[in-house]
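A.B. asks: One structure, pasted below without further comment.
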Amino acid sequence: MKPAPFDLVAANDMSEALEALHQGGTEARVIAGGQSLVPMLNMRLASPTTLVDITRIPELSRIEANTDRINIGAAVRQSTLERWPDLADRLPLVHAALPWVAHTQLRNRGTICGSVAHADPSAELPLCLIALGGTVTLRRRRKTREVAARDFFQGMMSTDLAPGEMIVSVSFPARKSSTGYAFREVARRHGDFAIVACAATARPDGTATLTVGGVADTPRTLELPADRADLDDRLNEFAWHLQARDDLHATARYRRDLVRKLGRETLKEALPCRD
Amino acid sequence: MPRLTKDETHPVRFTLNGRPVSVRAYPRALLTDALRHEIGATGTHVGCEHGVCGACTVQVDGEPARACLMLARQAEGCEIRTVEGLNNKDALSPLQEAFREHFALQCGFCTAGILMSLDALFSPQPDAEEDAIREALSGHLCRCTGYAPIVQAALAARNRIKGGPIDA
Ligand SMILES: Cc1cc2nc3c(=O)[nH]c(=O)nc-3n(C[C@H](O)[C@H](O)[C@H](O)COP(=O)(O)OP(=O)(O)OC[C@H]3O[C@@H](n4cnc5c(N)ncnc54)[C@H](O)[C@@H]3O)c2cc1C
Ligand code: FES
Ligand code: FES
């Protein structure tokens, strides 16, 4: 099928984009890489009357590395970040997760912020943003605000984004020395959405986090104390707490099993000299 | 503000296989449709129109991408390369030749897209490992041939592009 008709605004700068989004209200949408939006348009799951293409706004195509944060503009493509020479050193979790996002042919167009805006419960990038405690910067005509990732994602494909508003950048806290990071995923085939994806961080004081995507309607985090004698029980309780459902790709039971086993392995990898 | 209204066609300019082209397209027109219906470049195939099958893969500024997930207008100013740009004059490229020799296609529906992904892989990396070849192919579905002959053809083409022995 083909998309329903829409006006297309090819914004040259932020004020053009924000004005068009403001005018279009709930009927307007941003188009970035189009890798999730165009399938939805083609299947007529979405029929906005205005699309605002933001990919040619120069200030949105920057990767800004500060001492403790990496800010990624809304036009930065997934493959551009993948090739950023400092990625493995500054954002080891994202470095490990990015190759799992779709296929090269899709990462060449898809943006980091577009994946965050789309908020698929199985998507790797929202998972990483939550696991690292990142933030999302949103802008509308007269207001800019920064929201913690864990508050931005509100449900399956539903976020805190308001009508007339767009994501201008996301911000990932950079690697801290002596913190360990690990990412693991199980999918039907490489490049498919995750059945279960796990991201672990292990801090120098011994505490750790495990964030799991693909099970609940948003990625969820389990905080773990330094003493992990009862790790199996905690993982089991967490697996049930996520309220997995049966679907085409996997049963709820298989998902719970993956949370327990893959979760344990991911934590172990993040903590090379412990456990 | 450059607003392209939905009921009219608007000019889109890009280069196609090195030649500048200009087409008129509605804002909602997909790049696949602009190529096939407006320009008549039907080498690029359309399977699923949601990014899954890879039949429509073209190169956009040297990188493989799904033409079915691009609005025609998003190609403005880009260098688009399609399967029609692979051969030089009337001769098949080494990659196309290897596909023929290794029976790496049957109906050919998937082939144009696969060739564009492999060509984009080999251009900067003529000695790509088999893993990288398989990774590039993982973005493509072939419903006839099976992937073994396609991998063999890619390996043979790689050796030929490098100037090594012809058989992998
Ligand atoms: C075959 C296939 C396989 C895939 N596999 C995976 C996978 O394994 N893992 C995965 O994570 N993803 C996968 N994806 C999705 C892909 O990663 C998309 O690129 C990504 O989800 C969306 O990014 P985009 O830039 O293409 O956004 P678009 O498609 O342009 O937009 C997606 C949504 O976000 C909104 N949006 C985009 N940018 C902004 C912004 N700056 N501000 C406000 N709203 C915005 C749009 O309005 C739209 O609603 C797959 C897609 C396909 C087609
Ligand atoms: S037609 Fe584009 S990926 Fe199937
Ligand atoms: S040769 Fe028929 S689909 Fe691949």
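A.B. asks: Can you give me the convex hull volume of the Cα atoms of segment A:91-131, divided per residue and expressed in Å³?
C.D. replies: Taking only Cα atoms, segment A:91-131 has a hull volume of 68 Å³ per residue.
A.B. asks: From the Cα gyration tensor of the protein assembly as shown, with a ≥ b ≥ c the square roots of its eigenvalues, which class applies: rounded if a/c is under 1.5, or else prolate if a/b is larger than b/c, or else oblate? Don't jump to the answer; show the numbers that get you there.
C.D. replies: Numbers: a/c = 1.93, a/b = 1.25, b/c = 1.54.
Verdict is oblate for the protein assembly as shown.
A.B. asks: Another question about this same structure. Please sort by residue number the trypsin sites (Lys or Arg not before Pro) in segment A:163-241 whose DSSP state is loop and whose Cβ has at most 14 other Cβ atoms within 10 Å.
C.D. replies: Here the trypsin sites (Lys or Arg not before Pro) that fit, given the DSSP loop and packing criteria, are A:Lys176, A:Arg188, A:Arg189.
A.B. asks: With all protein chains present, how much of the accessible area of segment A:180-273 (probe radius 1.4 Å) comes from carbon and sulfur, to the nearest whole percent?
C.D. replies: Heavy-atom surface of segment A:180-273 belonging to carbon and sulfur, 1.4 Å probe: 49 percent.
A.B. asks: Another one. Which of the trypsin sites (Lys or Arg not before Pro) across segment A:48-148 are loop residues per DSSP, with 14 or fewer other Cβ within 10 Å?
C.D. replies: Listed in order of number, the matching sites are A:Arg62, A:Arg83, A:Arg141, A:Arg142.
A.B. asks: Given q = 0.08, 0.10, 0.13 Å⁻¹, what are the Debye log10 I(q)/I(0) values for chain B, with equal point scatterers placed on the Cα positions and solvent ignored?
C.D. replies: After summing over all Cα pairs, the log10 values are -0.25, -0.38, -0.62.
A.B. asks: Choose one answer from A:Leu231, A:Leu125, A:Leu248: the residue with the largest mean-square fluctuation in a GNM of chain A with alpha-carbon springs under 10 Å.
C.D. replies: The residue with the greatest mean-square fluctuation here is A:Leu248.
A.B. asks: Also: Quick one: accessible area per residue over the protein assembly as shown, 1.4 Å probe, rounded to a whole number of Å²?
C.D. replies: Ligands and nucleic acids excluded, the result is 44 Å² per residue.
A.B. asks: Next question. Which is the longest stretch in chain B that no exposed loop site breaks, taking sites as GluC sites (Glu not before Pro) with a DSSP loop state and at most 14 other Cβ atoms within 10 Å?
C.D. replies: Counting at most 14 other Cβ atoms within 10 Å as exposed, the longest clean stretch of chain B is B:9-128.
A.B. asks: For chain B, which whole-number percentage of the solvent-accessible area (1.4 Å probe, protein heavy atoms only) is attributable to carbon and sulfur atoms?
C.D. replies: Solvent-exposed carbon and sulfur of chain B make up 50 percent of the total.
A.B. asks: Okay, moving on. Over both sides of the B-A contact, add up the buried accessible area with a 1.4 Å probe and give it to the nearest 100 Å². Don't skip to the answer; put the middle values down first.
C.D. replies: Numbers: alone 9220 and 13470 Å², together 19570 Å².
Interface area, both chains combined: 3100 Å², rounded to the nearest 100.
A.B. asks: Please list, in chain and number order, the residues 5+ apart from A:Asp160 or on another chain whose amide H is under 5 Å from its amide H, with Hs placed from the backbone.
C.D. replies: Under 5 Å from the amide H of A:Asp160 lie the amide H atoms of A:Gln154, each far enough along the sequence or on another chain.
A.B. asks: Which loop trypsin sites (Lys or Arg not before Pro) in segment B:87-142, with loop taken from DSSP, have no more than 15 other Cβ atoms within 10 angstrom of their Cβ? Show your work: numbers first, answer last.
C.D. replies: Details: sites: B:Lys89, B:Arg100, B:Arg134; in loops: B:Lys89.
Of the trypsin sites (Lys or Arg not before Pro), the ones in loops of segment B:87-142 whose Cβ has at most 15 other Cβ atoms within 10 Å are B:Lys89.
A.B. asks: Same structure, new question: Nearest 10 degrees is fine. How inclined is helix A:252-270 to the longest principal axis of chain A, computing both from alpha carbons?
C.D. replies: 80
A.B. asks: Continuing with the same structure: Per 5 Å bin from zero, what fraction in whole % of the C-alpha pairs of segment B:94-161 is there, up to the bin with the longest pair?
C.D. replies: 4, 20, 36, 28, 11, 2
A.B. asks: With chain A treated as a Gaussian network of Cα nodes joined by springs under 10 Å, which of A:Gln105, A:Gln243, A:Gln154 yields the largest mean-square fluctuation?
C.D. replies: Highest fluctuation among the options: A:Gln105.
A.B. asks: Now for a different question. Please give the residues from segment A:37-73 for which the solvent-accessible area of heavy atoms, probe 1.4 Å, is smaller by at least 20 Å² with all protein chains in place than with the chain isolated.
C.D. replies: Buried-area filter returns A:Val38, A:Pro39, A:Asn42, A:Met43, A:Asp53, A:Arg56.
A.B. asks: Okay, next question. Quick one: give the max-minus-min coordinate of the C-alpha atoms of segment B:1-69 along each principal axis, largest first, in Å.
C.D. replies: Rounded to whole Å, the extents work out to 34, 27, 23 Å.
A.B. asks: Still on this structure: What are the equivalent ellipsoid semi-axes of segment A:7-53, built from the alpha-carbon gyration tensor (square roots of five times its eigenvalues), in whole angstrom, biggest first?
C.D. replies: Working from the Cα gyration tensor, I get semi-axes of 19, 12, 7 Å.
A.B. asks: Taking the Cα-to-Cβ direction at A:Ser158 and at A:Lys143 and moving 7 Å from each Cα, how far apart do the two end points lie in nm?
C.D. replies: It works out to 2.0 nm between the two label points.
The values are calculated or read from the model by the stated rules, or taken from the named source; none is laboratory data. Note that the coordinates shown come from a computational prediction; the quantities given were computed from them, not determined experimentally. Methodologically, a virtual Cβ is constructed for each residue, glycine included, from the backbone with ideal geometry; neighbour enumeration extends over all protein chains shown. In case anyone asks, the SASA skips ligands and DNA or RNA and just uses the protein heavy atoms, side chains included. Shrake-Rupley method; radii C 1.70, N 1.55, O 1.52, S 1.80 Å.
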